[in-house]
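What follows is a single structure, written as structure tokens, with notes after it.
The values are calculated or read from the model by the stated rules, or taken from the named source; none is laboratory data. It should be emphasised that the depicted structure is a prediction, and the values quoted were computed from it without experimental measurement. Here the Cβ positions follow ideal geometry from the backbone for every residue, glycine too, while neighbour counts run over all protein chains shown. We work out accessible area using only protein heavy atoms, side chains counted, and drop any ligands, DNA or RNA first. Shrake-Rupley method; radii C 1.70, N 1.55, O 1.52, S 1.80 Å.
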Amino acid sequence: MTSRRDGEQSAEFTKSARFKVGHADGCKWGFLTLPKIGRVKLRWTRDLPSTPNTVNIMRHADGSYEASFTVQVDGETDTPKPLHEACGIDMGLDSLMSIVYTDGTREKIPHPRTLKRHARRLRKLDKQLAREKKGSANHAKTRILRAKAYSRIQNQRKDMAYKLASKVAGENQAVALETLNVKGLARTHMAKSLLDANWTRIIDRIRQLGVQYGRTVKRIDRWYPSSQICSICGRRDGRKPLDVRVWKCPKCGALLDRDWNAAVNILDAAGLAESLNARGGDVRRGLAQAGRNADARETGTRRTVSLH
């Protein structure tokens, strides 16, 4: 199968094709014997839990090859023990994620800005490719280098998204997320930063791991004004420009961080904060007021995600 849009090619081999896999335990190299192709040496990333049913061979636009095996797994996978009962997450572009936990701790995950860090290299390759004649050897070499640069960006985005989703789903029994209109926002002037943030992949991966780990993942209504409501007194103060990161509630006088305030409101709108009120005290108010001592309560030292 060939994709005309991105240059990807793939071929699938089933059991009836009688492919063979040869790999010794602990060895980083393996061998795959394919019909009409022969023996192919490949780098082994992890051991297979059972005999594979199918294998997909993929050729990427940068000229690299990848083998993906389909296997059947019996039994349950190891589920990490949650550290928090629930958390509310506000997605953003200044901070990729602002997370508030039900125990009052909170943290912000910075935007990796992967594309921006590689922009100079990509711009140089684009100019070089435009100067070279199509069909020439130099043009083909530059095209491969450009494809490798984009492949590196894609891999870093995917790695960050998977690690971040594993952290969120693994450490929380319940997760509250906002429903984002990514396609609509991608038509605005924020498109490049938004697509670089990889929101869709992060949220989809959290939902997948939530099912796998037996977690509760709730998404609030798209039109819920999480950034407009004071998380302490509940007053709705109206829309604010994106450059307003801290605002003061005119009713109760609380000084609120825009991202953490939205995360508390998302946690409350999903019903995960109010459900704890039976233990006594106004949990929602306590979570919001924790922001007044944000430097002391921010869980920056607890970050387990290695961002590129």
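Some observations on this one:
- Matching option when the condition is in contact (Cβ under 8 Å) with a residue 24 or more places away in the chain and exposed (fewer than 15 other Cβ atoms within 10 Å of the Cβ), among ARG121, ARG157, ARG146: ARG121
- For VAL217: the one exception among (1) modelled with pLDDT of 90 or more; (2) touching a Lys or Arg at 6+ places or on another chain (Cβ under 8 Å); (3) part of a helix (DSSP H, G or I): (3)
- Listed by position, the strands (runs of 3 or more DSSP E) inside the range 8-47 whose residues that are out of contact with any Asp or Glu (no Cβ under 8 Å at 6 or more places or on another chain) and surrounded by 13 or more Cβ atoms within 10 Å (Cβ to Cβ) number at least 3 are 9-14, 29-34.
- Across the range 204-236, the qualifying residues are those that are open to solvent by less than 30 Å² (accessible area, probe 1.4 Å) and of a type in the set (Ser, Thr, Tyr), and the one among them that is nearest to LEU115 (Cα to Cα) is SER226.
- Some residue of the range 139-149 being assigned to a loop (DSSP other than H, G, I, E, B) and of a type in the set (Lys, Arg): no
- Test: residue in the range 186-203 that is more than 17 Å from ARG157 (Cβ to Cβ), part of a helix (DSSP H, G or I) and open to solvent by 40 Å² or more (accessible area, probe 1.4 Å): no
- Considering the range 48-79, and only residues there that are of a type in the set (Val, Ile, Thr) and open to solvent by less than 50 Å² (accessible area, probe 1.4 Å), the residue that is farthest from GLY7 (Cα to Cα) turns out to be VAL71.
- The range 17-55 - residue that is closer than 16 Å to TYR65 by Cβ and among the hydroxyl-bearing types (Ser, Thr, Tyr) and, of those, modelled with the lowest pLDDT: THR45
- Among residues of the range 18-32 that are on the phi > 0 side of the Ramachandran plot, those with a Cβ under 7 angstrom from a residue that is part of a loop (DSSP other than H, G, I, E, B) and open to solvent by less than 60 Å² (accessible area, probe 1.4 Å), sequence gap 6+ or separate chain, pair up as ARG18/PRO35.
- Candidate set from the range 226-238 (those that are in a loop (DSSP other than H, G, I, E, B) and free of Cβ contacts under 8 Å to residues at least 24 places away in the same chain); member that is nearest to the chain's Cα centre (by Cα): GLN228
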